[in-house]
1. Would you confirm whether or not the range 326-334 contains a residue that is surrounded by fewer than 19 Cβ atoms within 10 Å (Cβ to Cβ), of a type in the set (S, T, N, Q) and assigned to a strand (DSSP E or B)?
2. Among (1) modelled with pLDDT of 55 or more; (2) of a type in the set (A, V, I, L, M); (3) more than 15 Å from the ligand (Cβ to nearest atom), there is one condition Val45 misses while meeting the rest; what is its number?
3. If you go through the range 127-157, how many residues are crowded, with 16+ Cβ neighbours inside 10 Å, within 13 Å of the ligand (Cβ to nearest atom) and among the small types (Gly, Ala, Ser)?
4. Select from the range 10-29 the residues that are surrounded by fewer than 21 Cβ atoms within 10 Å (Cβ to Cβ) and of a type in the set (A, V, I, L, M) and list them in ascending order.
5. Inspect the range 367-377 for any residue being surrounded by fewer than 18 Cβ atoms within 10 Å (Cβ to Cβ), under 22 Å from the mean Cα position of the chain (by Cα) and outside any strand (DSSP E or B) and give the result as yes or no.
6. Can you pull out the residues in the range 334-391 that are farther than 22 Å from Pro289 by Cβ and in contact (Cβ under 8 Å) with a residue 60 or more places away in the chain?
7. Which ones in the range 241-282 are within 16 Å of the ligand (Cβ to nearest atom), over 20 Å from Tyr83 (Cα atoms) and assigned to a loop (DSSP other than H, G, I, E, B)?
8. Could you figure out which of (1) within 22 Å of Gly109 (Cα to Cα); (2) within 16 Å of the ligand (Cβ to nearest atom) isn't true of Glu177?
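The values are calculated or read from the model by the stated rules, or taken from the named source; none is laboratory data. Everything numeric in this text was worked out from a predicted model, so none of it was measured. A quick note on method: Cβ atoms are made from the backbone with ideal geometry, for glycine too, and the neighbour counts reach across all protein chains shown. The accessibility values were calculated without ligands, DNA or RNA, using every heavy atom of the protein model including side chains. Shrake-Rupley method; radii C 1.70, N 1.55, O 1.52, S 1.80 Å.
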Amino acid sequence: MTTKAQQYLTHFRNIGIAAHIDAGKTTTTERILYYTGRTHNIGEVHDGAATMDWMEQERERGITITAAATTAKWKRSGTDQEYVVNIIDTPGHVDFTIEVERSMRVLDGAVAVFDSSQGVEPQSETVWRQADRYGVPRIAFSNKMDKTGASFELVLNDIKERLGAVAAPIQYPMGAENEFKGIIDVVRQRAHFYTNDLGTDIEETEVPAEYADKVAEIRAQLIEAAAEVDEDLMMKYLEGEEPSVEELVAAIRKGTIEKKIFPVLCGSALKNKGVQLLLDAVIDYLPSPLEVPAIKGKIEDSEDTQEFPADPEGKLAALAFKIMADPYVGRLTFVRIYSGTLQSGSYVYNATKEKRERVGRLLKMHANSREEVTELKAGELGAVIGLKDAGTGNTLIGDGDDKVLLESIDVPEPVIKL
Ligand code: GDP
């Protein structure tokens, strides 16, 4: 049951974007930050030139690349509901496998980006297996649909054959390579055409006749897969009744969280084709902090574990997952709060180092700004200034609370200079 204090968490998504090098992780992340920033931070941008300027500036400042966790806001298309999307940086290079694993611990869901012309590459397989190990629900994004050799079918088949997962296409591309014109939302049976090259304008229409049969076929398969995980939907399915869009979305989401269904989307991050719809899919199909199993902590001198459900009114339980040296404010400790509320200026207990530490200022990192806050609540991610001893993988609990150590990957990591 969700209490009133936990209500905000239903509108939170803590996600990572994982990919084989070159598949387009950076481009996808930048576009996501651009679109979320456009509506919430930097006002309207009317032409493509401004888009590129903004991206260039960001690239120069390196913010999008180096923040371990960036907080963005997204209003789901067609609704007035605003969501907080925290994007956790997951390193894409195979040398950083340990870092990838560590970041897996602090996210609730992930977007796996594939290059549509390459299918599932070896490194994507490694990251996929790590996500499996950590039970991370995923959606897949078949990127670069505009590129020569792009094939949505290739990615779908590879996901099935190489990753052994039930790939459920929830989108279907209209055209490919130079002829890539947009995508069809299979669940809602609507076509989205991109009417300018940057894809900032989307025209929504009925499904064009030439795609009707194909879309009907994959939608039928989608309903079948969704019925497997949702009893009510199965009843309807057996009676030959058509589920509503809401019912179908809810069932696919359940399948995603149970890791029985992997929704697959497609688009082109470079041409901005599909990123807005990707964000909508993050909202629709990836879990909120309330929908993932509560993190466990090991109680000192005992075989017992304690669970920390996502609740701002619960006992403080936070994990430091990345340390960065900032030229202006010094040491930044990125934390995820699982339970309770971390207050600026308070004392916490570092259960790993067995030290009491003082929390200085607290920051939320946005794509183009830093916001100072007085508290970070359960489900939130941010950076702490002032922690002297906390290292990567350390557990922070309330000062005076019983000692517990959160499940984490305890590997030393050098401080990375900004
Ligand atoms: P990362 O290594 O996964 O972060 O990949 P990047 O985002 O840096 O992209 C690698 C290369 O692919 C860059 O040259 C991008 O411009 C290009 N790229 C990314 N997305 C697309 C896309 O949708 N279409 C095409 N044609 N190229 C893309």
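1. no
2. (1)
3. Residues in the range 127-157 being crowded, with 16+ Cβ neighbours inside 10 Å, within 13 Å of the ligand (Cβ to nearest atom) and among the small types (Gly, Ala, Ser): 2 in total.
4. Scanning the range 10-29 gives a single hit, Ile21.
5. Yes.
6. Asn368, Ser369, Leu387, Gly391
7. Gly267, Ala269, Leu270, Lys271, Asn272 - these are the residues of the range 241-282 that are within 16 Å of the ligand (Cβ to nearest atom), over 20 Å from Tyr83 (Cα atoms) and assigned to a loop (DSSP other than H, G, I, E, B).
8. Failing condition for Glu177: (1).
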